[in-house]
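The values are calculated or read from the model by the stated rules, or taken from the named source; none is laboratory data. Everything numeric here is computed off the predicted structure, so don't read it as measured data. Quick reminder, even Gly has a Cβ in these numbers, built from the backbone with ideal geometry, and neighbours come from all protein chains shown. SASA here: full protein model, heavy atoms, side chains in, ligands and nucleic acids out. Shrake-Rupley method; radii C 1.70, N 1.55, O 1.52, S 1.80 Å.
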Amino acid sequence: MIIKTLSVSEINNYVKKLFDYDYILKNVSIKGEISNLKMHSSGHIYFSLKDENSKINCIMFKTDAKYIKFDLENGINVLVKGRISVYNKEGTYQLYANEIKPDGIGELYLSYEKLKNKLASEGLFDERYKLNIPKYPQKIAVITSPTGAAIRDIINVIKRRNTNVEICIFGALVQGMNGAQSIVNAIEKVNSIKGYDMIILSRGGGSLEELWCFNEEIVAYSIFNSKIPIITGVGHETDFTIADFVSDLRAPTPSAAAELAVPMKTDLENDIKNIRNHLTNMINNIINYQKENLNSKKNTIKLYSPENYIANEMLKIENYNKSIENIIKRKTIIEKSKLEGLNSLLNAHNPLNVLNKGYSLVTDNKNKVVSDVSYLNSLDEINITVKNGTTKLKIN
């Protein structure tokens with residue numbers, strides 16, 4: 001037997017043909033755990049699939065990789081479809097993947113988580129961007145299926161709570177392939193019309209697939225860009241959609257959305273009554289305060305008025321006059337007493353007082369007292385004063 005000698009390339013090409021023409025290897029589905037994951041800048045994905053005993057190298061080209069709807073990570077279990085062939089240059093075989101699906105977790109759920117994380121990182125869920133829900137809406141747009149149970153529940157709840165609220169229904173597909181675009185069109189239409197206070201975006205319960213249009217990216221951006229606040233009431237209490245996270249307020253059910261949107265009319269009446277009472281009390285308090293302030297100012301004006309000032313000054317003058325009179329009286333009494341004392345002293349020393357005792361006073365023409373007999377020789381005339389008068393005497 002003659003054995004033909006082959007080159008490395010020839011043997012690798014031969015093995016490659018065996019792989020490529022094998023019925024099983026050219027269309028395989030393999031499940032395993034992703035490892036050695038590498039997302040190349042070219043868009044190609046390189047990774048390995050492994051189980052507890054073996055591993056196989058894999059590659060997915062950019063043209064197929066762009067259709068993956070979830071994030072690939074090391075350690076997750078996946079189902080990979082493709083073909084097994086030989087890489088001539090290295091002489092190794094590998095799996096050329098054209099489809100990857102999650103194993104154990106639904107593809108829709110992974111798509112939901114992927115979009116949720118993306119929108120969260122962009123800030124679409126941030127509270128700072130959420131619009132305030134009007135406390136007393138007058139006109140509400142309801143976007144939902146016009147034939148579903150949700151719209152009947154919403155109308156019943158709103159009419160029961162407040163008959164004065166106007167409800168306008170904007171019909172939309174709320175499931176199926178065209179549901180997302182139908183919802184977006186309805187939101188844009190409401191925003192193009194003036195007068196609406198808020199939007200209720202709603203539908204009844206259903207599976208993840210049935211609610212999927214509320215998890216579409218275009219719906220999320222439409223809610224985020226709406227200038228009118230949006231309340232979502234999608235599905236049951238345990239259902240959370242992307243629309244719920246983006247909306248300005250999430251309600252667990254359609255009925256709950258209507259209750260959150262519209263306050264009870266009786267509550268409004270009580271609020272108005274309380275506000276009226278509060279305003280009345282405030283006005284009364286202001287009036288009473290202003291009255292007291294006015295009276296205070298009147299008293300101040302009265303106290304410092306010119307008339308009162310003059311009267312007060314006159315009273316001061318009267319008091320001064322009385323004080324001066326009292327001082328004069330006291331001074332007069334004191335001086336009078338002093339004068340009487342001096343008078344008594346003068347009387348006591350008055351030489352004329354001795355005339356009452358029978359004595360007489362002899363003076364010359366100049367009223368000089370003659371106290372020496374020898375002085376008489378020089379006088380022609382003298383005055384003699386007794387108690388009852390004075391007489392003149394000539395001296396011979």
| request: For THR238 paired with ILE2, estimate the spin-label separation in nm (one decimal), with each label point 7 Å from Cα along the Cα-to-Cβ line. | output: 7.6
| field | Partner aspartates and glutamates for LYS366 [C-alpha distance under 15 Å; skip if fewer than 8 residues away on the same chain] | value | ASP380, GLU381
| said: So for each of 166-176, 215-225, 312-322 I average, over its residues, the number of other beta carbons within 10 Å; can you give me the resulting order with the highest mean first? | reply: 215-225, 166-176, 312-322
| query | Going down the table (LYS66/LYS101; LYS139/LYS159; LYS17/LYS101; LYS81/LYS116; LYS81/LYS114), which pairs top 20 Å between alpha carbons? | reply | LYS17/LYS101; LYS81/LYS116; LYS81/LYS114
| Solvent accessible area, Å² - ILE133, 1.4 Å probe, full protein context | 50
| query | Heavy-atom accessible area of MET60 with all protein chains present, probe 1.4 Å, nearest 10 Å²? | reply | 0
| query | So, with +1 on the Cβ of K and R and -1 on the Cβ of D and E, and no other charges, what is the size of the charge dipole of region 119-163 about its Cα centre, to the nearest 20 debye? | reply | 420
| remark: Kirkwood-based Rg/Rh on the Cα set of region 33-191 evaluates to 1.20
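Looking only at the chain, where both bridge partners belong to it, what percent of the DSSP beta bridges are antiparallel (to the nearest 5)?
Details: 37 of 58 bridges.
Antiparallel bridges: around 65 percent, rounded to the nearest 5.
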| said: I'd like the carbon and sulfur percentage of the solvent accessible area for the chain, probe radius 1.4 Å, heavy atoms only, ligands and nucleic acids excluded. | reply: 54
| task | Using amide H atoms built 1.01 Å from N in the peptide plane, name the residues 5+ places from GLU99, or on other chains, whose amide H lies under 5 Å from its own. | result | LYS81
| Low-density loop cleavage sites - GluC sites (Glu not before Pro) in region 1-106, where at most 10 other Cβ are within 10 Å (DSSP) | GLU52, GLU73, GLU90
| said: What FRET efficiency comes out for ILE155 versus ASN225 if R0 is 25 angstrom and r is the Cβ-Cβ distance? Round to the nearest 0.05. | reply: 0.35
| Taking +1 at the Cβ of each Lys and Arg and -1 at the Cβ of each Asp and Glu, which of ILE395, LEU303, GLN290 sits farthest along the dipole of region 288-396 towards its positive end, judged by Cα position relative to the Cα centre? | GLN290
| query | Each residue of region 188-202 in turn: what ³J(HN,Hα) in whole Hz from Karplus with 6.51, -1.76, 1.60 and θ = phi - 60°, glycine and Pro shown as x? | reply | 5, 5, 4, 5, 7, 10, 7, x, 8, 7, 6, 10, 9, 9, 8
| said: Taking the full set of protein chains and a 1.4 angstrom probe, give the accessible area of TYR93 in square angstrom, rounded to the nearest 10. | reply: 120
| message | Taking θ = phi - 60°, what integer Hz values does the Karplus form 6.51 cos²θ - 1.76 cosθ + 1.60 yield along region 55-72, in sequence order, with x for Gly and Pro? | response | 8, 9, 6, 9, 9, 10, 6, 4, 4, 8, 5, 5, 8, 6, 9, 9, 7, 7
| request: May I ask you to rank PHE125, PHE70 by accessible area, largest first, using a 1.4 Å probe over the protein chains only? | output: PHE125, PHE70
